[in-house]
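We did not get these values from a lab; they are worked out from the coordinates using the rules stated. As the structure is a prediction and not an experimental result, all values here were calculated from the model. Cβ placement follows ideal geometry from the backbone for every residue including glycine, while neighbour counts extend to all protein chains displayed.
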Amino acid sequence: CNHLTAFGGHFDLIPNDLSITDVDEFFSLNENPVVVILIGVILLVYTGLMVICYKADLKDGRKRGFINLKDNRPTDKHKYEITVETGYRQGSGTTAKISFILHGEEGMSETRELISDDDHILFEQNSRDVFIMSLPDSLGRLWKVQLWHNNHGTSPSWYLSRVIIKDLCNGKMSYFLCEKWFAVEEDDGKVEREIMVLDSNLGFSRVNSYDN
């Protein structure tokens, strides 16, 4: 035999029919209960996270505003921005009323209360509350702040991280680092403290904090 015969082949692939009923059965509780339950749990968790994020956004939006102290007087000429940062420890937030006295080289303020005139929730765990305080005149260089609370409410214990005060007339910043409890059942049991200003020449590595 001195020649070759070529052979060729041709195959047709016949696709299977797609049945919509097969997909319906896949998501059927009777046919695949685990899959249906898993999808339901995922949707439930997703919805819950969306609700939590929405509430957190609302709370954060309220927190971004300034709170004018209720006893500010229209005739006051000097204004301070007071930022109070509550710590992140468990139970750091407080339901008690916070009061303070600010000391400067040219005088001291009267006793003032850090309260809101609406339903604004203050001093929650790991939060930052910003207040505007007005005074008739400047206190000069700030050197001490006294803070205390009335130990009232369902959860009066408070862990203060720091207080930052900005003189809105000259822009000078004063830092008062605390990192202590104001609580009868924590640390030394005190609910009143005197916090000295942080010397800008020392940096944040050293905190001058003295208690009554």
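Could you calculate the FRET efficiency of ASN72 with THR47 from 1/(1 + (r/R0)^6), where r is the beta carbon distance between them and R0 is 41 Å, rounded to 0.05? Efficiency, rounded to the nearest 0.05: 0.40.
Neighbour counting of Cβ atoms within 10 Å sorts the residues HIS149, HIS120, HIS78, fewest neighbours leading, into HIS120, HIS78, HIS149.
Cα-Cα over 26 Å: which of LYS77/LYS172; LYS77/LYS180; LYS77/LYS190? With Cα atoms farther than 26 Å apart: LYS77/LYS180; LYS77/LYS190.
You can think of it this way: the chain between ASP137 and TYR88 has 14.1 nm of extra reach, that is 0.36 nm per residue less the Cα-Cα gap.
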